[in-house]
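Okay, so here's the structure we're looking at.
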Amino acid sequence: MRDQAAMLAQLVQWAEAEPHVRAMILTSTRATRAETLDALSDYDVVLYVDEPEVFAARNDWIDSFGDVLVRFPVYPNKFEWNGLSYFTRMRIYQDGIKIDFTVAPLEELGGSARTGQLRDELDAGYRVLLDKNGLATNLPQPTYAAYIPRPPAQQEFDAVVEEFWWETSYVAKNLWRDELLPAKYSFEVVMKLELLRRVLEWRVETDHDWSLRPGVLGKMLKRRLDPETWKELESTYVGTDLEANWQALFATTALFRRVTLEVAERLGLSYPHQLDQRVSAYLQSIRAMKPKLGR
């Protein structure tokens, strides 16, 4: 695998020779030397170009950085910010290097310099690698506050809690039906990855004055949670045995309840105890039902 110095040198050399590329900025982990930086960290590169559609339509330029192992998406992903259009192009190369390119319109640099507003990608930290027109020199400094959660108000807190208890019903019904895939989706993706993870991140932030940027999909939780809570979370991940999944479901609701109550107490929010009690009893009633015929 190419080291960082070699990879950045290759990128800069290519951009210098490419007339449509007017600036190139490195963002994310490799730009900020975050604690998560390692040999497998992506290179997140923003190309500021005068004709974005050219880079969206062609593959030759992005495939020139090495032999391609896999690409995503097959067709460029388009998004907008402040009325400007952007494209993302991503590759993993045969030596393991992964580069996520954002093809950005040159107008963004001038607009950000005038307004003092950065896209979140840059506001989380950036490093200018190339600036042919000197436009990037006028960019505001990043605040490093992008992606850091804010304390939830009661309405947001309620929405997370109620969705969690709503989703438990799908887990219970599908475990009773012996339908493992939909049960696992509701359990592992919605309940734990989307909702419990969010509450755990809130809990971490209450200890750090809402100053930490969570890792993507809970990447930083193991090192930030107390060991007992992490061990409790780990215990909720089980295999295909139905009884083990029932036990894991109730272990997950217990963990969610404890952590969410801690967050509520620290933020002065109210927790819906009656909802918790009603749904918990409902889950137990499904568990106690005779198995569905044909299982």
Would you mind getting me the FRET efficiency between TRP230 and TYR144? Use the beta-carbon distance for r and R0 = 30 Å, nearest 0.05.
-> 0.70
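Sorted by packing (mean other beta-carbon atoms within 10 Å per residue), highest first, where do 274-285, 37-48 land? Don't jump to the answer; show the numbers that get you there.
Details: 274-285: 13.7, 37-48: 17.5.
Result, highest mean first: 37-48, 274-285.
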Segment ALA281-LEU217, length gained on full extension (0.36 nm per residue, minus Cα span) = 20.0 nm
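Please give the charge dipole size of the chain, origin at the Cα centre, charges +1 on K and R Cβ atoms and -1 on D and E Cβ atoms. Round to the nearest 20 debye.
On the way: 36 positive and 44 negative charges, 164 e Å.
The calculation lands at about 780 debye.
Taking N as the number of residues in region 155-295, what is its alpha-carbon radius of gyration divided by 2.2 N^0.38 Å? Write down the numbers at each step before the final one.
Details: Rg = 15.5 Å, N = 141, 2.2 N^0.38 = 14.4 Å.
For region 155-295, the normalised Cα radius of gyration is 1.07.
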For LYS192, which lysines qualify as cross-link partners when the Cα separation must be under 26 Å and same-chain residues fewer than eight apart are set aside?
-> LYS173, LYS184, LYS219, LYS222, LYS231
What length, rounded to one decimal in nm, is gained on full extension from ALA159 through to ASP67, with 0.36 nm per residue of separation minus their alpha-carbon distance?
-> 28.5 nm
In degrees, nearest ten, helix 154-176 long axis to first principal axis of the chain (Cα) | 60 degrees
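Per the helix-only calculation at 222 nm, which mean residue ellipticity applies to the chain, given -39500 (n - 2.57) for every DSSP H run of n ≥ 4 and division by its residues, nearest 500 deg cm²/dmol? Walk me through the intermediate numbers first.
Working: 12 runs with 130 residues, N = 295.
Computed ellipticity for the chain at 222 nm equals -13500 deg cm²/dmol.
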Label-to-label distance, nm, for residues given as ASP241 and ARG127 (7 Å Cα→Cβ offset) | 4.8 nm
Apply the Karplus parameterisation 6.51 cos²θ - 1.76 cosθ + 1.60, with θ equal to phi minus 60°, to every residue of region 57-74 and state each ³J(HN,Hα) to the nearest whole Hz, in sequence, with x for glycine and proline.
-> 7, 9, 10, 4, 5, 6, 7, 7, 8, x, 6, 7, 8, 7, 10, 7, x, 4
³J(HN,Hα) across region 262-277 via Karplus (A = 6.51, B = -1.76, C = 1.60, θ = phi - 60°), whole Hz, x for Gly/Pro?
-> 4, 5, 4, 5, 6, 9, x, 9, 9, 10, x, 4, 5, 4, 3, 5
Sorted by average packing, counted as other Cβ atoms within 10 angstrom per residue and highest first, what order do 250-259, 263-272 take?
-> 250-259, 263-272
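Each reported figure results from applying straightforward, stated rules to the coordinates on display, with no laboratory input. The structure presented is a predicted model; accordingly, all values stated were derived computationally and were not measured. Glycine also receives a Cβ, built like all others from the backbone with ideal geometry; neighbour counts cover every protein chain displayed.
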